[in-house]
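Undergrad: The structure that follows is given in the form of structure tokens.
The values are calculated or read from the model by the stated rules, or taken from the named source; none is laboratory data. This one's a predicted model, so the numbers in the text were calculated from it and none came from an experiment. So basically every Cβ, Gly included, is an ideal-geometry build from the backbone, and we count neighbours across all protein chains shown.
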Amino acid sequence: MSNLHASASGASDTSEDLRISQGKASVERPPVNGQRRPGAPTDSWRDTSEFIFSKIRALKKPIKGTELCLLTGQLALMLEAGSSLVETLEALTEQTQNEKTAQVLRRISGEVSGGAPLSKALRAHPRVFREFYVSAVMAGESGGGLSQVFSRLEDFLLKRERLFSTLRNALIYPAVLLFLTLGAVTFLVSFVLPRFIAIFSSTGAILPLPTRMLLALAGFCQNYWYLLVLFLGAAGVGACMILANPKTRPYLYRLFLRLPLAGPLIVSFQSSSFLRITGTLLNSGVPVIEAIALAQHACTNSLFRNSIARLTLAILQGDGFSSTFSKMSLFPPMVRQMVVTGERTGKLSRTMTRMADYLDENSEKQLKRLSALAEPLIIILMGVVIGFIAISMLLPLFRLSSIIKGGA
């Protein structure tokens with residue numbers, strides 16, 4: 001089992017992210033004279049820019065998740081059928097239609113043909129193959145069960161993609177409705193309403209209050225649109241600065257966990273990610289310390305990462321895994337109890353993956369319920385907004401018709 005390096009900047013949840021990677025176990029010390037204090041103003045812009053560019057780079061993956069899942073399944077199938085690793089990689093390189101995927105496979109095949117282990121060739125492409133993926137392959141190489149490892153990785157990727165697909169589908173329809181509402185409002189206020197008002201203003205009558213309110217809003221947006229752009233830009237940069245700052249990020253993540261509907265979903269997502277990656281790695285032969293350290297980086301919430309880092313530090317200091325995990329209050333009580341039971345019965349990896357399946361299924365049901373609830377609410381909101389605009393346009397017409405009738 002490889003040694004691990006653990007760095008911590010505090011024991012509280014508000015401390016900087018605790019990180020564990022390969023190396024020697026140590027604890028990060030506070031900065032001494034001459035060093036920059038973490039989170040100081042001189043570092044805030046650098047941290048923010050690194051945070052933004054890291055998110056942009058994450059969106060530009062050479063291979064999509066669905067393609068990686070398909071590739072992993074093909075590797076498992078061909079290796080199980082008896083093909084050699086080099087033959088498998090060459091065949092997949094020839095048959096793939098994605099040029100970026102073919103380039104990656106071509107480089108991996110060349111390195112493996114030259115005698116390099118597959119895990120080393122995969123590690124040269126960190127944007128495609130995450131560290132837990134490489135570690136599972138390394139364990140499969142040492143244990144002689146590479147096809148079984150790829151089968152487990154395929155199952156992991158399939159379930160993760162299904163969960164992400166459910167999340168995307170739950171957000172697409174509300175987003176489309178909001179976009180259509182914004183487009184309709186912009187068209188009515190910018191093009192239709194001014195023409196009606198020009199006709200009505202020629203009579204010299206006073207405009208109704210809803211119409212004056214709408215005109216004031218439209219005039220502000222047309223004359224001071226740059227202020228709106230600056231405000232949105234400043235809000236975006238401010239949010240990135242808060243997320244990039246290791247001192248404010250835990251407070252924001254704690255606020256997310258307390259949200260009425262989103263909080264339980266976030267807990268379920270983070271718990272499922274940790275359980276599934278840890279269970280998959282343990283089932284592939286990766287040591288428990290290394291599996292936990294790799295699963296830590298899969299959690300996007302710093303509170304969970306800090307908690308898992310403290311779990312690893314406790315194990316390195318000689319504490320038991322289940323006894324320490326049972327005290328981690330961020331995870332649901334049922335998850336903690338199932339992990340304790342799994343370790344006691346000698347079926348920890350299987351218990352973790354089954355618990356992750358349960359959490360994912362429960363999250364999918366919650367997402368579908370929230371999506372079904374959001375659809376009528378957004379439609380009602382659309383009706384209220386467009387109805388207000390319609391009333392603001394029709395009231396001047398009614399008043400104009402009454403003036404015409406009175407004059408007649």
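Undergrad: For the stretch 130-160, what are the residues that are under 27 Å from residue 361 (Cβ atoms) and among the hydrophobic types (A, V, I, L, M, F, W, C)?
TA: 132, 136, 149, 150, 153, 156, 157, 158
Undergrad: Determine whether residue 163 is part of a helix (DSSP H, G or I), more than 16 Å from residue 89 (Cβ to Cβ) and modelled with pLDDT under 85.
TA: Numbers: part of a helix (DSSP H, G or I): yes; more than 16 Å from residue 89 (Cβ to Cβ): yes; modelled with pLDDT under 85: yes.
Yes: the conditions hold for residue 163.
Undergrad: Against the conditions (1) surrounded by 15 or more Cβ atoms within 10 Å (Cβ to Cβ); (2) without any contact (Cβ under 8 Å) to a residue 12 or more places away in the chain; (3) not β-branched (Val, Ile, Thr), where does residue 241 fall short? Just the number, please.
TA: Status for residue 241: all satisfied but (2).
Undergrad: If the Cβ limit is 8 Å and pairs must be 6+ apart or interchain, which residue in the stretch 350-378 that is touching a residue at least 12 places away in the same chain (Cβ under 8 Å) and over 14 Å from residue 269 (Cα atoms) pairs with which residue that is not in a helix (DSSP H, G or I) and not β-branched (Val, Ile, Thr)?
TA: Within 8 Å, the pairs are 370/261.
Undergrad: Would you pick out the residues in the stretch 280-294 that are within 21 Å of residue 316 (Cβ to Cβ) and assigned to a helix (DSSP H, G or I)?
TA: First pass over the stretch 280-294, keeping only residues within 21 Å of residue 316 (Cβ to Cβ): 281-282, 285-294.
Selection gives 281, 282, 288, 289, 290, 291, 292, 293, 294.
Undergrad: Something else: Name the residue that is farthest from residue 139 (Cα to Cα), counting only residues in the stretch 250-265 that are in contact (Cβ under 8 Å) with a residue 24 or more places away in the chain and surrounded by fewer than 20 Cβ atoms within 10 Å (Cβ to Cβ).
TA: Of the residues in the stretch 250-265, the ones in contact (Cβ under 8 Å) with a residue 24 or more places away in the chain are 250-251, 253-254, 256-257, 261, 264-265.
Within this subset, residues satisfying the condition of being surrounded by fewer than 20 Cβ atoms within 10 Å (Cβ to Cβ) are 251, 254, 256-257, 261, 264-265.
Details: 251: 38, 254: 36, 256: 36, 257: 35, 261: 39, 264: 34, 265: 32 Å.
Checking each candidate, the answer is 261.
Undergrad: Scan the stretch 86-102 for residues that are in contact (Cβ under 8 Å) with a residue 24 or more places away in the chain and surrounded by fewer than 20 Cβ atoms within 10 Å (Cβ to Cβ) and jot them down.
TA: 86, 98, 100, listed by residue number.
Undergrad: Continuing with the same structure: So residue 338 passes all but one of these: (1) modelled with pLDDT of 85 or more; (2) closer than 30 Å to residue 209 by Cα; (3) touching a helix residue (DSSP H, G or I) at 6+ places or on another chain (Cβ under 8 Å). Which condition number does it fail?
TA: Just one mismatch for residue 338, condition (2).
Undergrad: Could you check residue 132 against (1) in contact (Cβ under 8 Å) with a residue 12 or more places away in the chain; (2) surrounded by fewer than 18 Cβ atoms within 10 Å (Cβ to Cβ) and say which number it fails?
TA: Condition not satisfied by residue 132: (2).
Undergrad: Here's a follow-up. Name the residue that is surrounded by the most Cβ atoms within 10 Å (Cβ to Cβ), counting only residues in the stretch 296-354 that are among the hydroxyl-bearing types (Ser, Thr, Tyr) and closer than 28 Å to residue 243 by Cβ. Spell out how you get there, then give the answer.
TA: Going residue by residue through the stretch 296-354, those that are among the hydroxyl-bearing types (Ser, Thr, Tyr) are 300, 302, 307, 312, 322-324, 326, 329, 341, 345, 349, 351, 353.
Restricting the remaining residues to those that are closer than 28 Å to residue 243 by Cβ gives 300, 302, 307, 312, 329.
Details: 300: 12, 302: 22, 307: 22, 312: 24, 329: 9.
Taking the candidates together, the pick is 312.
Undergrad: Also, I was wondering about something else. Consider residue 116 against the criteria (1) at pLDDT below 85; (2) outside any helix (DSSP H, G or I): it satisfies all of them except one. Which criterion is unmet?
TA: It fails just one condition, (1).
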